[in-house]
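To start, the structure itself, in structure tokens.
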Protein chains: 2
Amino acid sequence: MNKTKLTLKDVAQQLGVSTATISNAFNRPDQLSKARREDILLQCERIGYSGPNKAAQILRKGTSNIVALVLADSIAYMVSDPVASTFIKGVSTTLQQQGKHLLLYAGDSKSILDVVDFVDGFICYGAPRNYKLAREIAAQPKPAITVDFDIVDVPSINIDNEDAAYQVAKAAIEKDDVVAILGLRLIDSPSTCRIYDNPLIDTDSSISHRRLDGYLRAAEEKGVSIQNEWIWHLPESDRNYARQAAKEVLMSSPRPSTVLCMSDIIALELLHSAIAMGIDVPNELKITGFDGIEEADRARPHLTTICQSSVSKGEAAAKALLAGEVRKQILPFDLKIGETVGKR
Amino acid sequence: MNKTKLTLKDVAQQLGVSTATISNAFNRPDQLSKARREDILLQCERIGYSGPNKAAQILRKGTSNIVALVLADSIAYMVSDPVASTFIKGVSTTLQQQGKHLLLYAGDSKSILDVVDFVDGFICYGAPRNYKLAREIAAQPKPAITVDFDIVDVPSINIDNEDAAYQVAKAAIEKDDVVAILGLRLIDSPSTCRIYDNPLIDTDSSISHRRLDGYLRAAEEKGVSIQNEWIWHLPESDRNYARQAAKEVLMSSPRPSTVLCMSDIIALELLHSAIAMGIDVPNELKITGFDGIEEADRARPHLTTICQSSVSKGEAAAKALLAGEVRKQILPFDLKIGETVGKR
DNA sequence: CTGTTAGCGCATTCAG
DNA sequence: CTGAATGCGCTAACAG
């Protein structure tokens, strides 16, 4: 019994054939007769050789079957977010089907350079918290695709956030409403607050600002104006931030009659807080969400929201990356009217 | 401007030094003067060389800084399970601190051999659905650690499942109770069902069977016996399976007065179903969970359950792996008495 | 269909 | 502290 791991060369010697033959048996079936190949594979199994060393293959071939999924934030945060984890689901399913491996990469990492040499490509889900990563992605030579944000000349997957926000807002807002918005990453602040006159960040690239545009357009059409003191910023789509913001909104005077939330997590937290305070939804308070997460289905009353299929996004992203797609795609969404808007 | 990527050799030539010097500048600071090193690093940055090629380093050094996290099931499933995703959180946090990368590996994959050559080690979370993977882990030479199950001679992280189950059951069961158990992976069936006389699987290694033992011991002490027709098997800790099982349990006659659930997801689903049917918890029905997930905190009445910190498990697993730990560890748990047991 | 050879890009001896 | 040489394990050309 050999102690040290067998190499292709060892095996070739033991079987009395050349290294190329062994290599071909594993990698290029068409380069030798079926019988020969099967014989070799069998012999290899018997002597405990399970195929060419992958590390060497990565160097030699320049491909590894590893795809890096660059998340917007830390893995810890992303994995507990229902929207992100659903996206990961879509990505992983597709990658597994194609025999690819999934490397999770945090968006708050220093740099992407320590994996670029051995991964086959990048899927970037959301603008990375460390925005330098986005620049590195753009500069680096491996295929990449972005989701829910854009980098010039990099293929992407998005929905029409402006239109989606417009539609859901239009379903909620009525004449004479006092409208508030619970937004995500609108300004550069680590805590929940009203945006007032703080400068908006990333005004062009951010999906949050596209959504804000949609909300405001719908409001305008309904003849309602929304001042900045009615617009909240939350640093993350997180229950704790949401609870705090919900409290602020519900304590405001006058209390808004419609609150447009940029995620279902936020909307659900607001809904629960409102119910706990004995507020009648939707008669006293209308609420809209965004995303269409599963938990929203379990809430009563049913949430009015925009359903975007994160699984589809993940699948689309993985497929597009593997297929070498270069275009930017816009995926559809569904407006779902629940019971949190309109009078009963 | 070079089109092709710079190699260490190119850089050495350009800077007029030897390749070893460049290599040392990046990898072994002690091998050259600080000034020299900083000068070289600066030059490298200026000409756009970001360091030695990682793929080549993997081959040469035999390490990659990649740790594979082998999940019990498909990534798609695991990532949406609150317990598993919390575990991933713990693992990823620790790995990121130590500059390691996280490769997610599905437990229903064919084999582990296609990554063994380039990862530095394995963390196995739960017995993989394809149990062959466990054997491969045992046979392969890289460091590995298992969590929530065991492989002979492989270090592991576990809690005392028997004791935990015993304690939570003991807190719930009262004399003359009719007790039912909603168990996980007790028999080899893809659907929810009572176990009756079906042969139990994996009787030794499975944590489910340890929990079952604990439940039964507590019942016995209370003078209650639990027949097999009062024990359900669920293939996964999944809301849909749980809902179905909950329905069966609540429709049973006589209806159990205590139901011991092997996960909080199951327990919460049962709780919701019971409330929807107007059943008084805990006066007409006592419920216990297992895991201590966040969602259980939000439920009313509060769930009585076993809190095991999945984050700690993840951290412990990653640390133990990186530290070369070889022992098997038993982590503590907490019995949390909520309002779903005992009379009010 | 098979065997020989030249690197993939680097880290590490070992002299100097 | 530096430079030349060796090979990590493999694949792709190419020649037979």
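The values are calculated or read from the model by the stated rules, or taken from the named source; none is laboratory data. Predicted model only: the values in this text are computed from it and were never measured. With ideal geometry, Cβ positions are generated from the backbone for all residues, glycine too; neighbour counts draw on all protein chains shown. Just so you know, the surface numbers come from the protein's heavy atoms only, side chains and all, with ligands and any DNA or RNA stripped out. Shrake-Rupley method; radii C 1.70, N 1.55, O 1.52, S 1.80 Å.
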Residue-normalised 222 nm signal for the protein assembly as shown, counting each DSSP H run of n ≥ 4 as -39,500 (n - 2.57), nearest 500 deg cm²/dmol, is -12500 deg cm²/dmol
The long-range amide H neighbours of A:Thr340, using H built 1.01 Å from N in the peptide plane and a cut-off of under 5 Å, are A:Thr304
Residue-wise HN-Hα coupling along the stretch A:332-340, computed from phi with Karplus coefficients 6.51, -1.76, 1.60 (Hz; x: Gly, Pro) | x, 9, 10, 7, 10, 7, x, 10, 9
Restricting attention to the stretch B:130-206, which trypsin sites (Lys or Arg not before Pro) occupy a DSSP loop and are surrounded by at most 12 other Cβ atoms within 10 Å?
-> B:Lys175
With x for Gly and Pro, the residue-by-residue ³J(HN,Hα) of the stretch B:108-121, computed from phi through the Karplus equation 6.51 cos²θ - 1.76 cosθ + 1.60 at θ = phi - 60° and given in whole Hz, is 9, 6, 5, 7, 9, 5, 7, 10, 4, 6, 10, 9, 8, x
Filter the chymotrypsin sites (Phe, Trp or Tyr not before Pro) in the stretch A:95-146 down to the DSSP loop ones having no more than 15 other Cβ atoms within 10 Å, then list what survives.
-> A:Tyr131
So which residue, out of A:Lys313, A:Lys247, A:Lys61, gets the largest mean-square fluctuation from a GNM of chain A using Cα contacts under 10 Å as springs?
-> A:Lys61
Here the tail fraction of P(r) beyond 25 Å, over all Cα-Cα pairs of chain A, rounds in percent to 58 percent
Where the centroid of each part is defined by its Cα atoms, how far is the stretch A:249-294 from the stretch B:101-127 in Å?
-> 43 Å
Contact order relative to length for chain A, counting C-alpha pairs under 8 Å separated by 6 or more residues, stands in percent at 17 percent
Two-site FRET efficiency, B:Glu174 against B:Ser312, from Cβ-Cβ distance with R₀ of 25 Å, rounded to 0.05 | 0.20
Rounded, prolate or oblate: which fits the stretch A:259-332, taking a ≥ b ≥ c as square roots of the Cα gyration tensor eigenvalues, rounded meaning a/c under 1.5, else prolate when a/b beats b/c?
-> prolate
Using the alpha-carbon centroid of each, what span in Å lies between the stretch A:9-33 and the stretch A:209-230?
-> 67 Å
By how many degrees, 0 to 90 and rounded to 10, does the Cα axis of helix A:264-276 deviate from the longest principal axis of chain A?
-> 40 degrees
Prolate/oblate/rounded call for the protein assembly as shown, Cα gyration tensor, a/c under 1.5 rounded | oblate
Residue by residue, what Karplus-based ³J(HN,Hα) values in Hz, rounded to whole numbers, does the stretch B:242-254 have, using 6.51, -1.76 and 1.60 with θ = phi - 60° and x for Gly and Pro?
-> 5, 4, 5, 5, 4, 4, 4, 5, 6, 8, 5, 9, x
Taking R0 as 22 Å, what's the FRET efficiency between B:Ile201 and B:Leu331 from their Cβ-Cβ distance, rounded to 0.05?
-> 0.30
Bridge type composition, the stretch A:181-327 - antiparallel percent by DSSP, nearest 5 | 20 percent
Give the percent of DSSP beta bridges with both residues in the protein assembly as shown that are antiparallel, rounded to the nearest 5.
-> 20 percent
Alpha-carbon Debye profile of the stretch B:8-52, log10 I(q)/I(0) at 0.14, 0.18, 0.19, 0.26 Å⁻¹ = -0.24, -0.41, -0.46, -0.89
Inter-site label distance for B:Ser111 and A:Lys247 at 7 Å from Cα along Cβ, in nm | 5.7 nm
Shortest first and in nm with one decimal, please list how far the B:Lys61 label point sits from its counterparts in the other copies (point 7 Å along Cα→Cβ).
-> 2.4
For A:Pro301, inter-copy label distances in nm, listed shortest first [label point 7 Å out on the Cα-Cβ vector] = 3.1
Can you bin the stretch A:61-159 into rounded, prolate or oblate? Criterion: square roots of the alpha carbon gyration tensor eigenvalues sorted a ≥ b ≥ c, rounded for a/c under 1.5, prolate for a/b above b/c, oblate for the rest.
-> rounded
Beta bridges by DSSP in chain A, antiparallel share as percent, to the nearest 5 | 15 percent
Kindly give the distances from B:Ile337 to its copy-mates, label point to label point, with each label point 7 Å from Cα along Cα→Cβ, as nm values to one decimal ordered shortest first.
-> 5.1
What percent do you get for the relative contact order of the stretch A:41-181 when only Cα pairs under 8 Å and 6+ apart count?
-> 21 percent
How big is the accessible area of B:Trp230 in square angstrom, nearest 10, if you roll a 1.4 angstrom probe over the protein chains?
-> 40 Å²
What does the highest-first list of B:220-226, A:42-48 look like by mean Cβ count within 10 Å?
-> B:220-226, A:42-48
Once you list every other residue whose beta carbon is under 13 Å from the beta carbon of B:Ala138, what net charge do they have if Lys and Arg are +1 and Asp and Glu are -1?
-> 0
